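Here is the structure we will look at.
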Amino acid sequence: MESITWTSEKVLALAPDASSAKNGKGLATLNKWQGLGRSQQVIWGECQGSGKDPYRTQIDLSEPAFRCSCPSRKFPCKHGLGLFLLLVSQPTAITEESAPKWVEDWIASRTKREEKQKRSESEKTVNPETQAKRAAARLNKVTSGVQDLQVWLKDLMRQGLSSVRTESYQFWEKTAARMIDAQAPGLARQLQEIPSIIAGSNWENGLLEKLGKLNLLLKGFEHLELLPVSTQGDIRTQIGWTQNQSEILAEEETRLTANQLEDLWLVMGQQVETEERLRISRTWLLGKQSNRYALCLQFAHGMQPFEHNFMLGSYLEAALVFFESNYPLRAAIKARKNSNLSMSMEEVMGQETIDMAIANYSHALVKNPWLERFPLSLQQVIPIHNEGKWFIRDRQARLLPISSRFENGWILLALSGGHPTTIFGEWNGEVFLPLSIWAEGKFHVI
């Protein structure tokens, strides 16, 4: 491994959309900029836009992190991309010098924000009595909601599954709304997923499986205090009663547990989804020494930036803290170092057959029957198109169906060139969602 070498392609991979990438390339010329400079960690410059004053743009290369005074709500904006591309194409044109005050102020504000966050996390552990009262109040609400849902579920089963096909969406939404009121959003989400199951083929088996897992979850919550802490964590997660990342990290400051792991983490894949105005980022990491997967979830409203940026196919040196689970996957970043190491083909890991990959999934499912997404890295596989559907085929000619949500099948096939390669993605027990592919000596986002 070596320190990551930024290229135009890697910079453009950070663009939020194609138009930002195109506009960023148009700004990657010296005559668009003034006051260019750099320090060991930060680059900056001023770009004249449509306004009277030029836009002040700066980039912290350690993550990277971006800041610009333009009114764009995209992140990074075209000015940040243009400045970054200029650094890549003409590095000698940006000389090292002392940072102006507006750059120093930004660096200071980032440092101050990090310190404030650490203080806030520390303060949350100062008053355990308040936390206990808040937790007890929520427990009462959730318990009441679970009891109502158990009665509702028994009535549903007594009437027979065939009766639900005539029910409208409001039938499920009404009970889901009751779970929201009971502060159990996880239960609400599972109820809201049922209409799509009923609308599909083989809906009887799908519905029975869904209701069976839901019943198992409610029974588990009923006996929550008798179960191991890791199982409690899985049940709470499915109900929607999880600890947030700051609470997890604050607890780790006061005790050492097996939940913490320091490693070089390879960024395997990432997907950003939007629910109304909330953006959700899922980033999968794989430990170089531990060979352990970690899922980093981030949330941002509107076009606000995510706290952490990740470069696909590179390593980051970090200490992660895993959430309680019988099969821990979700983790929070406790300490991230400025490593940014690139990877080689020899370091790309994965299962050699689909059967081996599914066996690993089955092992995880035994530990956590409510597992919704499972990371799969498949070696020596080829994407194929058959009768309007996409599949992954391994060297044993076994097929893995690709999700109908996946719209880039032809791009996946083109990148593979029709030859065996490594593809990473998420498996939900029925279909595979590709997130990245190893081609031409590097990972590509799909």
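The values are calculated or read from the model by the stated rules, or taken from the named source; none is laboratory data. In this text the structure is predicted, and so the values were computed from the model without any measurement. Here the Cβ is made from the backbone with ideal geometry for all residues, glycine too, and neighbour counts use every protein chain on show. Areas reflect the complete protein model, heavy atoms only, side chains present, ligands, DNA and RNA absent. Shrake-Rupley method; radii C 1.70, N 1.55, O 1.52, S 1.80 Å.
Enumerate the strands (runs of 3 or more DSSP E) found wholly within segment 377-443, keeping only those where 1 or more residues are open to solvent by 10 Å² or more (accessible area, probe 1.4 Å), among the aliphatic types (A, V, I, L, M) and touching a Ser or Thr at 6+ places or on another chain (Cβ under 7 Å).
Strands (runs of 3 or more DSSP E) meeting the threshold: 432-439.
If I filter segment 62-78 for residues that are part of a strand (DSSP E or B), under 30 Å from residue 289 (Cα atoms), at pLDDT 85 or above and not basic (Lys, Arg), do I get at least one hit?
Yes - at least one qualifying residue is present in segment 62-78.
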Out of all the residues in segment 190-212, is one or more over 21 Å from residue 430 (Cα atoms) and either touching a residue at least 60 places away in the same chain (Cβ under 8 Å) or surrounded by 14 or more Cβ atoms within 10 Å (Cβ to Cβ) (or both)? no
Looking at the structure I just gave you, is residue 236 open to solvent by 60 Å² or more (accessible area, probe 1.4 Å), over 28 Å from residue 177 (Cβ atoms), charged (D, E, K, R) and at pLDDT 90 or above? no
Can you list residue pairs whose Cβ atoms sit under 8 Å apart, with the first residue in segment 106-119 being farther than 21 Å from residue 332 by Cα and modelled with pLDDT of 70 or more and the second being of a type outside the set (Phe, Trp, Tyr) and open to solvent by 100 Å² or more (accessible area, probe 1.4 Å)? Count only pairs 6 or more apart in sequence or on different chains. 106/67
Among the residues of segment 180-189, is any among the acidic types (Asp, Glu), open to solvent by 40 Å² or more (accessible area, probe 1.4 Å), free of Cβ contacts under 8 Å to residues at least 24 places away in the same chain and on the phi < 0 side of the Ramachandran plot? no
Out of the residues in segment 67-98 that are in contact with a Gly (Cβ under 7 Å, 6 or more places away or on another chain) and over 18 Å from residue 19 (Cα atoms), which is least open to solvent (accessible area, probe 1.4 Å)? 94
Would you call residue 306 open to solvent by 60 Å² or more (accessible area, probe 1.4 Å), within 14 Å of the chain's Cα centre (by Cα), under 21 Å from residue 75 (Cα atoms) and at pLDDT below 90? no
Going by what's in this entry, would residue 276 be described as at pLDDT 85 or above and among the acidic types (Asp, Glu)? no
I'm trying to understand the selection: among the residues of segment 313-325, which are surrounded by fewer than 20 Cβ atoms within 10 Å (Cβ to Cβ) and of a type outside the set (D, E, K, R)? 319
Hey, can you tell me all the residues within segment 364-376 that are over 20 Å from residue 424 (Cβ atoms), in contact (Cβ under 8 Å) with a residue 12 or more places away in the chain and assigned to a helix (DSSP H, G or I)? 367
Residue hits (segment 1-47; within 23 Å of residue 310 (Cβ to Cβ), among the hydrophobic types (A, V, I, L, M, F, W, C), open to solvent by 60 Å² or more (accessible area, probe 1.4 Å) and touching a residue at least 12 places away in the same chain (Cβ under 8 Å)) are 1, 13
